[in-house]
Amino acid sequence: MLFSDRQLAQRLERTEASANAQFVEARARLFPESQAQWIEVAGAYAMYDGAESFLTQTFGLGLFGEVEAADLSALEAFFKQRNAPVYHEISPLADASLLPLLTRRGYQPMEFTSVLYQPLALTDRETAPSNSRLTTRLVEAEEKDLWARTSARGWHTEHPDMADFFLEFGQISAQTPGASPFLAELDGQPIAAGGLFIYDGVALLAGASTVPEGRRQGAQQALLDARLSYAAEQGCSLAMMGALPGSQSQRNAEKQGFRIAYTRIKWQLA
């Protein structure tokens with residue numbers, strides 16, 4: 001039985017940090033002018049993916065040992081030198097000395113994320129979509145741009161002013177080492193895209209989206225089943241994802257057997 005303890009938090013946070021570090025390295029390789037970079041300080045991974053990117057923050061701070069003032073100073077300098085805001089996303093299982101240190105330095109809480117997990121077993125997974133017109137598959141190397149365009153179209157209706165950002169984000173995601181991009185197709189036409197990243201036996205489910213005309217066809221459920229089945233086949237014993245607390249995404253995950261491990265707080269240096 002898995003308990004929501006620090007050991008589990010370390011596995012989950014290191015998986016997400018590793019996925020994001022690989023993404024940052026992919027951006028640096030594909031777009032050298034971005035100056036994308038990541039460093040490790042006190043066991044935490046600090047990412048710079050551009051001042052506006054939601055990956056520009058730290059992951060795992062306080063989970064791998066006590067954090068000292070000098071560590072925070074080093075992290076703050078990393079972001080400030082790049083004219084980026086300073087964010088730390090903190091698990092409640094982090095070392096207890098961290099929160100007083102953050103408040104003394106002027107940090108303020110700004111956002112919550114539910115981190116969910118599910119143990120995996122190969123025999124547990126159903127792979128047949130409920131809609132017979134729907135199929136799911138891992139994309140081929142030459143289809144990564146198709147995957148990125150499908151993903152960006154799905155996000156466009158929710159964020160119409162960020163179309164270029166999501167297209168570029170998808171193109172980098174599809175080319176990130178360790179990533180496994182999946183498509184859902186209705187009658188052979190791509191309608192939904194979802195990502196998967198595997199690290200040390202843990203499968204991270206990345207954001208999935210569906211194009212407007214393909215919604216309410218069961219694509220998201222099919223993508224979830226396909227990615228979890230694939231992860232189990234690859235030997236993963238655990239799956240994880242993040243969601244806004246109380247959101248439809250969290251409810252859907254819980255319906256599919258995910259449990260809340262903990263709720264993180266994102267802190268910003270004022």
- Arg133: over 26 Å from Leu30 (Cα atoms) and open to solvent by 60 Å² or more (accessible area, probe 1.4 Å), yes or no? yes
- Which condition number does Gly214 fail, the rest of (1) in contact with a strand residue (DSSP E or B) (Cβ under 6 Å, 6 or more places away or on another chain); (2) open to solvent by 20 Å² or more (accessible area, probe 1.4 Å); (3) not polar (S, T, N, Q) being met? (2)
- For segment 100-122 the number of residues that are more than 30 Å from Glu254 (Cα to Cα), touching a helix residue (DSSP H, G or I) at 6+ places or on another chain (Cβ under 9 Å) and open to solvent by 30 Å² or more (accessible area, probe 1.4 Å) is 2
- Task: Name every residue in segment 234-260 that is among the hydrophobic types (A, V, I, L, M, F, W, C), under 15 Å from the mean Cα position of the chain (by Cα) and closer than 15 Å to Leu12 by Cβ, in order of residue number.
- Result: Leu238, Ala239, Met240, Met241, Ala243, Ala253
- Among the residues of segment 63-78, is any under 17 Å from Leu12 (Cβ atoms) and in contact with a Phe, Trp or Tyr (Cβ under 8 Å, 6 or more places away or on another chain)? no
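Just to check your reading of the model, which residue among Leu224, Leu204 is among the aliphatic types (A, V, I, L, M), in contact with an Asp or Glu (Cβ under 7 Å, 6 or more places away or on another chain), open to solvent by less than 30 Å² (accessible area, probe 1.4 Å) and under 19 Å from Leu116 (Cβ atoms)? If you could, list the steps in order and put the result at the bottom.
On the way: Leu224 fails: in contact with an Asp or Glu (Cβ under 7 Å, 6 or more places away or on another chain).
Step by step, each of Leu224, Leu204 is checked, and only Leu204 is among the aliphatic types (A, V, I, L, M), in contact with an Asp or Glu (Cβ under 7 Å, 6 or more places away or on another chain), open to solvent by less than 30 Å² (accessible area, probe 1.4 Å) and under 19 Å from Leu116 (Cβ atoms).
The values are calculated or read from the model by the stated rules, or taken from the named source; none is laboratory data. This one's a predicted model, so the numbers in the text were calculated from it and none came from an experiment. Virtual Cβ from ideal backbone geometry, glycine too; neighbours counted across all protein chains shown. Areas reflect the complete protein model, heavy atoms only, side chains present, ligands, DNA and RNA absent. Shrake-Rupley method; radii C 1.70, N 1.55, O 1.52, S 1.80 Å.
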